[in-house]
Structures are given as structure tokens and as C-alpha cells.
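Quick notes on the structure that follows.
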Amino acid sequence: MNMAIIDWVIIAAYFLIALTIGIWASKKAGSNTKSFFLAGRDMPWWLLGISMVATTFSTDTPNLVTDLVRQKGVSGNWGWWAFLLTGMLTVFIYAKLWRRSNVLTDIEFYELRYSGKAAAFLRGFRALYLGLIFNVLVMGTVSLAAVKFGEIILGWKGWQTLLIACSITLTYSTLGGLRAVIITDFVQFILAMIGSIFGMFYIVNLPQIGGIKNLILHENVIDNLSLVPDFSDPSVWVPVMLVPLAVQWWASYYPGAEPGGGGYIAQRMFSAKDEKNAIGATLLFNIAHYALRPWPWIIIALSSLIIFPELTDIQRAFPDLPANKLGHDVAYPAMLTLLPSGLLGLVAASLIAAFMSTMSTQLNLGASYLVNDFYKRFISPNASESQLVAMGRVFTVISIILGAGLGLILTSASQAFDLLLMIGAGTGLIYLLRWFWWRINAYTEIVAMISSLIIAYYFNFYSHSLASWQEIIIGALLTTATWIIATFITPPDDEKTLKRFVKKVNPGGPGWKNYSPHHTNEQWSVPIGLLCMLCGTTSVYGILLGVGSLIYGHYQTAFILIGISIISSFVLFKAWFKHSANTI
């Protein structure tokens, strides 16, 4: 692929902007850990919400969507669309609880909620597990996409792409901390939306495709258009839609869609000015992520079925692409090579920015775990704030080397997606219930974590007779049964810890009736929160599927879906604002 000078100028301009933001933010980031890891806890909702959206969109996201569309059709996206359920649950139930906890990381939460040596062990182990192993795996998946993007679009070797992009990411992340990450995310979001929308319009109007009407009537595309799977065939709709909506969203721990909120979503909530800004940020994130962004990627993925109907077509077009990197996911960057100069540079810059956004967030998040929840907690409790920030920068360097190295080894976006789902299968319900049921303890989470890892290891390396969705269900059921048993046979947390947690977070509900103050007349917010979750989910799905119906020319269906979305939104805001003043 021959990039024009204007394309390289646009890419270089983005690199310069990212570095400038890092240098500017460094004036505040190095003062203490709250500034470096939480941007001073004074971020507004709109900036945090956009940052969440930008972080969730990495270079591998359109690749994954393309992989799903080419192999399973548009309905294959229910594998990640289902995570809207846990996203809306976080908005209306968990966001304010996280903000009230006032912890630096979601792992510090363990010693707020649980007691004794088990809580300390859990905090330390999770810091290493999430800060290194899980975090590196996430960075490896986005690095894999960057490798494929660089080889096809930029004409660079994988290691060259990672060396340049990671060096710049490392620079502004270590200098500016989370503040630099969040502000850079804002720039990335603007680039991504402009690039994906204009890229979609150009590609769909190529002579080979001939516009949206010809696209949806093409013989290579027409069987892949359905927004829902074929309900007459259980082998199709059960794994594609039923499992994600019935099990996966609450059972699996997946980055950006953790049940009850966690990871970088929790980090952004901790960074908010107050509870209202935390709630507003997560609501904006879920609307933008699921309702606004997917269709440009889907349209380009469908177009690729005309330009590159088979993998052999991609292979012929890009003979220098390594065989172990050839997959349906590379059809997305392959389609981008058809863009004209200028637009190609804009889209390329947006995808590089997407990579850097996700990597910088994972670097800062992983370093916060390793510094706050391992180094400070167990190695050097008396370390000064400047020493802790310095250690954060050291861990950032180590993490990016490991993450980029893994990206050179992995081969498929969907492979990594399935592995991440499998690793956390069965643990998600704990993250939902631990806020509202006093009996869950540190041993519950330890047993769930260990059993989930053992089951995931067995399915990935020894058992190959089951489909991935079957493995997720079995893994979730086995892990859930194991931790429920463990909960009742292990000792509960001490009363002092439980009362302290309730006093600080005030989750309310019957699960804390023995530890909550009896003088409060405030209404428990969970019932209305569940109603708002259902309304919010219905509203976003209505927009998502309604836009799809409009694109397909199914105007009556689109009108009904968008109408349902409007009604759901009205009920949502009326119910939420009516009860928000007097709920807990």
C-alpha cells in the first residue's frame, strides 16, 4: 500500500497532538497518585463518557466486527451487543456505589468490602493477575490488530508498527497520567467518528459496490443481513443470541463490560467530580458505544464480502501478509486500502489513535493496580507519593513491552475474544451480588477465580469437543456452583468490616438488613434501577436495530423500533429523575 505525503502528514499531526497533550498534562500528573491514576477526581461526565467510548474502540474492534459479520452475519454481533445489559445495570445501580466507595482502584475495594488475610490475599493476587496477566492479554489483542493494520495499510512490519505507536503511547502515558489519556481519548473519538463515517460512504459508493441498495441486494451479502439469527435453527440462534443475552452478559468478566462495572470503567467513575457525573458518563458511554458506532463498521464488513469474498482473495491482494495473520478480521484494513489519499490518512490516524487510546488506558490501569494494590500495600507501605508515581511509570514500561510482545504471537481477534470470555466465565454474578448480599466473602471470589482459570485452561488446552458457547455455559455453571458452595462453607466477614462498608457505601436492600441504619426513610433504588436498566436497554437496542432497518430500507420496521426507543427513553428519564432525589 502506497501512502501519499498528505496521509503521512495527518498521521504525524496526530502523533504530535498526543505528545503535546502528554507534556501539558505532566505538570499535574506527577504530583501524587490521585492525579496520575485518577486525574485529580475532577473530570466532567461528558469527557469521561467519551473516554470510555474511545477506549472501548481499539484497532481490533472493527476487525472483530468484520470477522463476526463475514462468518456469522450481522446478527453475529449479539455476542458483544448483549453486554449492553450489564452496561445499563452499571449506569443505574452500580455507578453511584462505586463513586461512594472513594477508592483509588476497583481492587482496593476488596479490603473495603471484605476482611482478614483472605481479603489482603485477594487484593494482592488480583493486582498481579489483572495488572499483569489479564491486562497483558488485552493489550496483546489490540497489538495484534495494530500489527495487521500496519502490514496492510502502512506497509510496515509488525514490530515496526508496535515500536513507533507504543513509543509515543508510552511517552504521553508516563508523562501525563490518566488526564493525558482522557484528553487524548477525546481527540481520538472525533477522529474515529469522522474517519469511519466518511470511509463508509466512500467505500459503499465504489463502482464495484454501487451504493447501499446494490450492496444489500448482492448475492454475497443478502444472506448476512439479518439483524437477528434464524430462529428456526437452534444451532444458529442459541449460540449467537440466546447464550449472550441469557448467560454471557452476567456470567463473564470482559474488559469494558464487567458485571457491575470494573476495570477502566470503574477508574473513569472514580475520576468523576461526583455521583451524578459518574452516572452520566456511563450512560453516555453505553448509548454511544452500542447505538452510534457499529453501523459504519458493519457496512464496510458487508462491502468486503463483495471485494474480498474469500480469504484467498485477501491473500492474493496482500501476498506479503504472513500466513498466520491471515483471517477474516483483516478484511477491514484490506478495505481501507481502497480509500483515496487524505481520507486514507485520516482513517489510518483514527485507527492508530484507537490503538494508542486503549493501550494507554490499559497501561495506566494496570500500573494503578500494581502500584496501589501490590507495591504500596505489600512491598513499601511508607513510600512517598513521588516514589509511587515513579513506580507507576516503571510498571507502565514493563507492561507495554509484554503486551506488544504478545501481539506478535497471537493470530486472530476472535480467538482472543473467546479466550477472554472463557477466562472470566462464571465469576460475573459475584460482582453483581457482593454489593447487596453480606454473606459473600473474600473466599467466594478466590474460589471462583481459581475454578474459572482451571476450567478455562482445561477447555483451551485439553478439550476440543465442544463449541466455544458450550464451553462458556458449562464453565459458568461449574464456576457458579463452586463459589456458591464455597460461600456457605467459609466463615463470613467480621461485623466491623460489614458495618463500615454499609456506612460508607450505603447500598441498601434486604441483604444488609442487619447492618443498615434503621432510621432511614429513603427508598431503596435497586427496583427503580432495574426498571431504568430495562428501559435504557430497550431504548438503545431500538436505535441500533432501527438504524439498521433504515439502512436496509425497511422503513415500517424502523419507524416501530425508533418509536419504541423514544417511548422507553421517556419512561426512563421520568422514572429516574422522579426517584433520584429520595433513593439510596
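The values are calculated or read from the model by the stated rules, or taken from the named source; none is laboratory data. Note that the structure is a prediction, hence the values are computed from the model and not measured. Glycine also receives a Cβ, built like all others from the backbone with ideal geometry; neighbour counts cover every protein chain displayed. Quick note on the areas: whole protein, heavy atoms, side chains included, nothing else; ligands and nucleic acids left out. Shrake-Rupley method; radii C 1.70, N 1.55, O 1.52, S 1.80 Å.
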Next item on the list: Give the cross-link partners of Lys276 among the lysines, using a straight C-alpha distance below 22 Å as the criterion and excluding same-chain residues fewer than 8 apart.
Entry: Lys34, Lys96, Lys503, Lys504, Lys574, Lys578
Check: Which of Val53, Gly511, Ala467 sits farthest toward the positive end of the charge dipole of the chain, with +1 on the Cβ of Lys and Arg and -1 on the Cβ of Asp and Glu?
Finding: Gly511
Check: Per residue, how many Å² of accessible area does the chain show with a 1.4 Å probe?
Finding: 38
Check: How far is helix 135-149 tilted off the main Cα axis of the chain, in degrees rounded to 10, range 0 to 90?
Finding: 10
Margin query: Going Cα to Cα from Lys325, which lysines come in below 25 Å? Please leave out same-chain ones fewer than 8 positions away.
Written below: Lys72, Lys148, Lys157
Next item on the list: Provide Rg over Rh for the chain; use the alpha carbon set for both Rg and the Kirkwood Rh (inverse mean inverse pair distance).
Entry: 0.96
Next item on the list: Have a look at Gly327, Leu370, Ser360 and report the one farthest towards the positive end of the charge dipole of the range 248-383, computed about the Cα centre with Cβ charges (Lys/Arg +1, Asp/Glu -1).
Entry: Leu370
Item checked: Carbon + sulfur, % of accessible area of the chain - ligands and nucleic acids excluded, 1.4 Å -> 67
Next item on the list: Note the full-extension length gain between Asn214 and Ala120 as 0.36 nm times their separation in residues minus their Cα-Cα distance, in nm to one decimal.
Entry: 27.8 nm
Check: Once phi is turned into θ = phi - 60°, what whole-Hz ³J(HN,Hα) does the Karplus curve with 6.51, -1.76 and 1.60 give for every residue of the range 431-436, x standing for Gly and Pro?
Finding: 5, 7, 8, 5, 6, 10
Next item on the list: In nm, give the distance between the simple-model label positions of Ile222 and Ile489, each being 7 Å from the Cα along the Cα-to-Cβ direction.
Entry: 5.9
Next item on the list: Rank by packing, highest mean first: peptides 103-109, 368-374, with packing defined as the count of other Cβ atoms within 10 Å averaged across residues.
Entry: 368-374, 103-109
Notebook entry, point to check: Lys117: which lysines have alpha carbons under 19 Å from its alpha carbon, excluding same-chain residues fewer than 8 sequence positions away?
Noted result: Lys376, Lys496, Lys499
Notebook entry, point to check: Treating the beta-carbon of each Lys and Arg as +1 and of each Asp and Glu as -1, no other charges, what is the dipole magnitude of the chain about its Cα centre, to the nearest 20 debye?
Noted result: 1940
Item checked: Three-way shape call for the range 468-549 based on the alpha-carbon gyration tensor, with the a/c threshold at 1.5 -> oblate
Check: Based on DSSP H runs of at least 4 residues, each adding -39500 (n - 2.57), what is the mean residue ellipticity at 222 nm of the chain after dividing by all its residues, to the nearest 500 deg cm²/dmol?
Finding: -21000 deg cm²/dmol
Item checked: Within the range 68-110, backbone nitrogen closer than 20 Å to the virtual label 7 Å beyond the Cα of Asp274 toward Cβ -> 91-103
Notebook entry, point to check: Using a simple charge model, +1 on the beta-carbon of Lys and Arg, -1 on the beta-carbon of Asp and Glu, nothing else, what dipole does the range 242-354 show about its Cα centre, in debye to the nearest 20?
Noted result: 220
Check: What is the helix-to-structure angle for 116-128, meaning the angle in degrees between its Cα long axis and the longest Cα principal axis of the chain, kept from 0 to 90 and rounded to the nearest 10?
Finding: 20
Check: Put +1 on the Cβ of every Lys and Arg and -1 on every Asp and Glu Cβ in the range 109-255; which of Ile190, Thr161, Gly176 then has its Cα farthest towards the positive end of the dipole?
Finding: Gly176
